[in-house]
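The values are calculated or read from the model by the stated rules, or taken from the named source; none is laboratory data. Since the structure is predicted, the reported quantities are computational estimates derived from the model, not experimental observations. Backbone-built Cβ (ideal geometry, glycine too); neighbour counts: all protein chains shown. When the accessible area is computed, the model is the full protein with side chains, heavy atoms only, and any ligands, DNA or RNA have been set aside. Shrake-Rupley method; radii C 1.70, N 1.55, O 1.52, S 1.80 Å.
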Amino acid sequence: METLQVRARILCAVAVVVILGGWSLRGVAQEPDQGRPAHEHGGHDMQGMPGMHMSADTPEWLPSPHAGSGTAWEPASVPAHLWMTSHGQWELMAHGVVFLTYNQQGGPRGAGKAESVNWLMVMEQHPVGKGTLLLRQMFSAESLTAPHPGFPEIFQTGETYHGEPLVDHQHPHNVFAELSAYYSVPLTKRVSWLLYGGPSAQPALGPVAYVHRTSAAELPAAPLSHHLQDSTHTSFGVVTTGFVVDRFKLEGSVFNGREPNEQRWSIQLAAFDSWSVRASVAATRNWTAQYSYGRLIHPEALEPGNEKRQTASIGYNRPFTDGNWAVSVVWGRKHKDETSTNLNSYLAESTVNFKRSNYAYTRLELVDKDELFPEAAIHPAYRIGGYTFGGVRDLFENHAWQFGLGADVTFYSKPPALDSAYGSNPVSVRLFLRLRPGLTGHHP
């Protein structure tokens, strides 16, 4: 019975993407060719986000808000896997992914489950006055396609299930993962002002969320360091403002610092009790970096204290003939006021696409965990290492779709004190199918 329920949930997720994808493709079919060469619609040298900036005067090296998450910057050269069309002055875009996965986590606390990681983002852009308004809606069916109590992932912590801390599982994303508006207006040739926010949005804290990073695009699993780096990518109540000055951006946010609760289909608005600031730079078309600092009020439901968070990251992307190489390096620190504890995390990700249809990826991380044994009276921090290696081969691809088969394996390092709970050498394996939009646009 459980297997049938899982299959039904996975089919629901696929149906959502197919239906919305069909809507988008109908729009693309109605769009005039505008005299562009055929290879500009569906070839494999398609890199960057052409025609996807907030204005026609945007420098080609400035990151596009359509590629990242919240107001965070991905390099301007990242490939665009999305559907696009236009109606009048409205530009309409959609992108997302469905992973259908068999996930086998190793060790005594591991489990084997069928599951689906999935999300879909829809965007609408329109000129307003001297500026441009971008509306974004991101949805996920993971509340239906994640096995209870969540996606098995040993050493993962964060949020709750049935009122208890969630350990060795990754929580599903919320149905309304983002509902936001982003307005940008140029003040001078080199200076622009931005205003962003919504009932479900991402404050100016952390790097681009892992689900949107090109360096993690082929990997269905969340980083073990997620809750020290980018867990605020879904916050229920955010207002951000800032300025872009040439290649630099300075911004600040006020937001609701509480993590989403177990009601994945609801929007849990609360007071703007937390704040953050972030400085970013787009050094070239291929490089970005950021540093951010935030003060969060009572973010965890079962922990009474407040937190200070710091993150720093560098993103690199390099297009080449019939391929692309993306790298992210991230540091995140959480300071728990209640216990005066500092927890650190370090992550390096890389994905290379070569010979059009092949992808090889890795994620290497070290993270401090003090929530692995919530029932214990004392909660020591353990340094955990996760080392993932995998690949994907596209079985079918055109300008509208990419359908691939992939697999990865994860090894771990940990203190010997955890051997009795996790085994001496746990190894985790995933096999999956990946469905997403094809490459769009052309950059010679």
**OP:** Just give me the residues in segment 265-289 being among the aromatic types (Phe, Trp, Tyr), surrounded by 15 or more Cβ atoms within 10 Å (Cβ to Cβ) and farther than 16 Å from residue 202 by Cα, in sequence order.
**Re:** 287
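Residue by residue, here is whether (1) hydrophobic (A, V, I, L, M, F, W, C); (2) open to solvent by less than 10 Å² (accessible area, probe 1.4 Å) holds:
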| position | (1), (2) |
| --- | --- |
| 211 | yes, no |
| 233 | no, no |
| 237 | no, yes |
| 256 | no, yes |
| 263 | no, no |
Original post:
Of all residues in segment 301-338 being touching a His at 6+ places or on another chain (Cβ under 9 Å) and part of a loop (DSSP other than H, G, I, E, B), which is surrounded by the most Cβ atoms within 10 Å (Cβ to Cβ)?
Top reply: 306
**OP:** Among the numbered conditions (1) at pLDDT 95 or above; (2) assigned to a strand (DSSP E or B); (3) open to solvent by less than 20 Å² (accessible area, probe 1.4 Å), tell me where residue 220 comes up short.
**Re:** (2)
Subject >> Unique residue being modelled with pLDDT under 95 and within 19 Å of residue 215 (Cβ to Cβ) when the list is 443, 399 >> reply: 443
Subject >> Of all residues in segment 136-149 being among the aliphatic types (A, V, I, L, M) and not in a loop (DSSP other than H, G, I, E, B), the one that is least open to solvent (accessible area, probe 1.4 Å) >> reply: 138
**OP:** Output the residue which, of all residues in segment 150-182 that are open to solvent by 10 Å² or more (accessible area, probe 1.4 Å), at pLDDT 95 or above and in a loop (DSSP other than H, G, I, E, B), is nearest to residue 384 (Cα to Cα).
**Re:** 171
Subject >> Cβ-Cβ under 9 Å pairs, at least 6 apart or on other chains, segment 112-135 side part of a loop (DSSP other than H, G, I, E, B), far side open to solvent by less than 30 Å² (accessible area, probe 1.4 Å) and not basic (Lys, Arg) >> reply: 129/185; 130/185
**OP:** Could you give me the residue pairs with C-beta distances under 7 Å whose first residue belongs to segment 79-101 and is touching a residue at least 12 places away in the same chain (Cβ under 8 Å) and under 18 Å from residue 178 (Cβ atoms), whose second residue is basic (Lys, Arg) and part of a strand (DSSP E or B) wherever it lies, and which are 6+ apart or on separate chains?
**Re:** 81/436; 96/436; 97/434; 97/436
Original post:
Identify, please: which residue in segment 245-274 is touching a residue at least 60 places away in the same chain (Cβ under 8 Å) and assigned to a strand (DSSP E or B) and is, among those, nearest to residue 158 (Cα to Cα)?
Top reply: 274
Original post:
If we keep just the residues of segment 349-365 that are free of Cβ contacts under 8 Å to residues at least 40 places away in the same chain and more than 14 Å from residue 78 (Cβ to Cβ), which is surrounded by the fewest Cβ atoms within 10 Å (Cβ to Cβ)?
Top reply: 355
